[in-house]
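Q: Supplied in structure tokens, the structure appears directly below.
The values are calculated or read from the model by the stated rules, or taken from the named source; none is laboratory data. None of these values were measured; they are calculated from a predicted model. Every residue, glycine as well, gets a Cβ built from its backbone with ideal geometry; the counts of neighbours run over all protein chains shown. Please note that ligands, DNA and RNA were not included when accessible areas were found on the heavy atoms of the full protein model with its side chains. Shrake-Rupley method; radii C 1.70, N 1.55, O 1.52, S 1.80 Å.
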Amino acid sequence: SIAAVTKELTARGGSGASATLASPSVVLLLTDDQDVLLSDAARWQPVLHRRVVQAGATFARAFANSPVCCPSRSSLLTGKYTHNHGALNNSLQGSCASPQWSTEMEPDALAVHMQKAGYRTMYAGKYLNNYGLSGSLGLKYVPPGWSEWCGLQGNSRYYNYTLSVNGR
């Protein structure tokens, strides 16, 4: 479970505020649509291809618990499979950033446990597909556990996007 992992990190490096100095740093990068068979990264993402793939970082044995964005991200955030966290698809009706998901799942999510273990946490970028949209808890809502928050409203937009920066 996520709680067990953060407990182990804390045990290795101390506890409370001192854990941020003694515990190992954790950086989690999450990307979408990096399918080597379906996308031509060299053509569509040449900088990424040059800096990551040509530099030697590939993931030949990478797995996702769901091929759908919101259920997959929800599993990463909660440590639970889709049938346990309830985010079934990318819609509010499918529990993607729904108020119910936010109030039932987020209080026990990864960021909460990392913070309890003494880590300073930050989120930047796309969160869940419906975050900040009508029917969700809105852009002022910052999910629990994030020391710094910069969440994208809705799904991916490359230009003219809206961000929630610490709920503002």
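Q: Can you pull out the residues in the range 88-105 that are crowded, with 20+ Cβ neighbours inside 10 Å and under 14 Å from the mean Cα position of the chain (by Cα)?
A: Answer for the range 88-105, where residues must be crowded, with 20+ Cβ neighbours inside 10 Å and under 14 Å from the mean Cα position of the chain (by Cα): Cys96, Ala97, Met105.
Q: Give me the residue from the range 114-124 that is of a type in the set (A, V, I, L, M, F, W, C) and surrounded by fewer than 17 Cβ atoms within 10 Å (Cβ to Cβ) and, out of that set, farthest from Ser134 (Cα to Cα).
A: Met122
Q: Only one of these conditions is not met by Ala111: (1) within 16 Å of Gly135 (Cβ to Cβ); (2) in a helix (DSSP H, G or I); (3) under 17 Å from the mean Cα position of the chain (by Cα). Which number is it?
A: (1)
Q: If you scan the range 67-84, which residues turn out to be assigned to a loop (DSSP other than H, G, I, E, B) and buried (at least 17 other Cβ atoms within 10 Å of the Cβ)?
A: Val68, Gly79, Lys80, listed by residue number.
Q: Restricting to the range 125-161, count the residues that are open to solvent by 50 Å² or more (accessible area, probe 1.4 Å), at pLDDT below 95 and either in a strand (DSSP E or B) or farther than 19 Å from Gln93 by Cα (or both).
A: Number of matching residues: 6.
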